[in-house]
1. Please list, ordered by chain and number, the residues whose modelled amide H lies under 5 Å from the amide H of residue 350; skip anything fewer than 5 residues away on the same chain.
2. Let me have the 222 nm mean residue ellipticity of the chain computed from DSSP H runs of 4+ only, each contributing -39500 (n - 2.57), with the sum over all residues rounded to the nearest 500.
3. Could you order the peptides 408-414, 77-83 from most to least packed, using the average number of other C-beta atoms within 10 Å per residue?
4. Under 13 Å Cα to Cα from residue 52, which aspartates and glutamates show up? Leave out anything in the same chain fewer than 8 places away.
5. Projecting each Cα onto the charge dipole of the chain (Lys/Arg +1, Asp/Glu -1 at the beta carbon, about the Cα centre), which of 332, 508, 406 comes out farthest on the positive side?
6. How big is the equivalent ellipsoid of the stretch 82-186 along its three axes, where each semi-axis is √(5λ) from the Cα gyration tensor, reported in whole Å from largest to smallest?
7. Each residue of the stretch 138-146 in turn: what ³J(HN,Hα) in whole Hz from Karplus with 6.51, -1.76, 1.60 and θ = phi - 60°, glycine and Pro shown as x?
8. Arranged from highest to lowest average of other beta-carbon atoms within 10 Å per residue, in what order do the peptides 487-495, 123-131 appear?
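The values are calculated or read from the model by the stated rules, or taken from the named source; none is laboratory data. These figures come from a predicted structure and were not determined experimentally. Cβ sites come from the backbone with ideal geometry, for glycine too, and all protein chains shown count toward neighbours. These accessible areas exclude ligands, DNA and RNA; they are computed on the full protein's heavy atoms, side chains included. Shrake-Rupley method; radii C 1.70, N 1.55, O 1.52, S 1.80 Å.
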Amino acid sequence: MMPNIVMGSKTYGLLAYLYGPGRRDEHTDPHLVASFDGFAPDPGRDIDASLKQLQTVLDMRVDQLGRARRPAKHVWHCSVRTAPDDRPLTEEEWAEVARRVVAATGIAPDGDPDGCRWVAVRHATDHIHIVATTVRGDLTQARLRKDYPRAQAACRTIEKEWGLRQLNPGDGTAAKEPTNREKHKAQRLGQEDTSRQRLRDAVRQALAGARDEEEFFARLEAAGVLVNRKTGPSGDTLGYSVALVGERDSAGEPVFFGGYRLAPDLTLPRIRRRLQVPLDDRTADDQSAAPAGGGRTPGGRRSPAATARLWAADVAAEALDVLDSETPADAAAVTEATGEVLDALAATALPAQKQQLLAAARAYERASRSHVRAANSSARSVRSAARAVLSGGYAGNRGPDGSAAATLLSLLVLLVIATGRWHAEQGHRQQAAAAREAAAHLRAAYRHAAARPMAVLQERGRALPPQVRERQERAVRRAVPGEGAHPLLAAPEFDALAAALAEAEAAGHDPKALLERARSWRELDSADSETAVLTWRVRHIAKLPHPAAADGARPGPASAPAAPATPVTPAGPRRRR
């Protein structure tokens with residue numbers, strides 16, 4: 001059950017809309033289900049009542065104050081909507097909802113004879129509109145501080161009592177939703193997203209890995225966004241707003257949105273705090289330099305996109321450990337900065353993956369905010385990785401690019417799941433739900449990115465000599481005691497895992513030690529395919545060359561030696577929750 005509260009100044013205008021046909025003739029049988037005294041005129045069901053009469057009744061206390069004393073915004077409007085899968089509520093139940101909401105929010109407290117005047121209008125099966133004027137019977141203003149969280153609390157109680165879908169309580173960190181007017185405008189123009197959402201994406205992508213404020217604004221302007229910087233007498237920037245080119249209001253002026261209208265963490269002070277994180281001056285190629293030619297093309301030239309994604313994968317693996325930290329500030333920093341990596345990936349995605357990555361970034365932005373103040377120092381490597389992904393540019397789904405993208409996405413899925421679990425432990429239910437939604441989109445993007453390189457690896461695994469394959473099967477059974485090895489050996493992806501272990505063995509690694517280290521990383525049990533995730537982890541830990549045969553070349557012998565590498569020795573297990 002979802003309440004939404006707005007303040008206004010025109011009682012008659014709001015009533016005319018609620019009792020009218022709606023913007024698209026969606027209103028059906030508008031009528032009152034409850035009112036402050038049970039006797040308010042109902043223009044929907046009473047042929048002798050009019051909108052003017054109902055307005056006069058509601059505005060009586062406001063008019064008694066006189067024009068000079070009446071508040072500028074005296075109309076309190078709260079819509080309450082059930083979830084799509086909830087049962088339809090009866091008239092009496094909707095009346096009870098209205099009475100409990102106005103009592104909880106301070107509009108008309110229980111037992112208060114001077115409560116505000118209000119009515120509840122129903123013109124659809126799944127929601128009502130509560131209209132109240134905020135002047136009380138004693139001609140004082142109603143105390144409406146924290147009316148929204150109180151309305152939410154009342155709705156959560158009703159959901160539990162009535163067996164409705166229980167939604168997650170809010171904590172005041174959610175971004176503002178587009179208005180109905182914005183949604184209708186986008187539909188009229190044939191646009192999938194509202195201007196607010198498109199600007200929110202643009203600001204987040206400009207902020208991802210930005211080194212300083214000037215770079216942030218320069219990126220926005222380079223993306224074709226109109227930027228209006230508010231400056232003080234000293235010339236310092238005090239705030240900013242953004243608009244889309246060509247987006248005009250009725251007066252022909254650009255439609256600007258300030259940072260706070262986009263999201264709570266996109267105000268200039270919050271952006272400046274994030275930009276205080278010093279970024280690593282070394283390039284992604286310096287960070288991810290590795291033996292065995294990992295991420296290089298057959299000719300030895302490293303793809304910038306693959307290099308950046310492999311470095312980001314290393315950072316994501318390290319970030320999993322930070323979420324195990326006992327310091328909430330460090331974990332909050334990782335959850336916040338992870339959003340920048342997702343924004344960078346969405347900005348550099350090819351069309352085939354862009355939709356899912358953009359959806360993941362949009363869902364995760366809710367998970368990136370909480371009331372836990374982030375420790376900026378813990379965000380350095382993650383923000384630097386986001387910068388590297390943007391600098392590396394676009395990555396396709398062939399050869400090193402596709403394999404590096406699959407490696408990064410497989411780790412990001414686990415990182416986002418771990419983020420959701422951390423939020424759940426902190427009691428951040430909405431953020432935890434947002435992380436789960438983002439993980440679902442990342443899984444879809446991973447499956448697309450991994451399809452081609454995984455097929456190449458599976459072909460290599462099927463071509464392994466019998467004795468080599470048997471040796472890898474024994475390594476799995478030694479590394480995974482008991483019955484745990486059977487699902488890995490029976491999975492369709494085992495061919496790819498066997499190929500990875502064989503290549504690593506030829507390069508001087510111990511397959512058993514590699515598997516033990518790969519399995520020690522957290523969140524393995526939440527993967528769609530444990531065998532597939534282990535394949536990418538093994539290849540990543542061993543720094544194996546990525547399967548260039550995905551470009552169409554016939555794969556070479558899977559057991560061919562790779563470049564010399566430092567053998568992996570068993571490492572202590574990472575801490576688990």
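1. Amide H neighbours of residue 350: 395.
2. On the way: 21 runs with 290 residues, N = 577.
For the chain, the value works out to -16000 deg cm²/dmol.
3. On the way: 408-414: 26.6, 77-83: 19.1.
Top of the packing list down: 408-414, 77-83.
4. Within the straight-line limit of under 13 Å, residue 52 reaches these aspartates and glutamates: 42.
5. 508
6. On the way: eigenvalues 113, 68, 47 Å².
Output for the stretch 82-186: semi-axes of 24, 18, 15 Å.
7. 8, 6, 9, 7, 5, 8, 10, 4, 6
8. Values: 487-495: 16.8, 123-131: 19.4.
Ranking the peptides 487-495, 123-131 by packing returns 123-131, 487-495.
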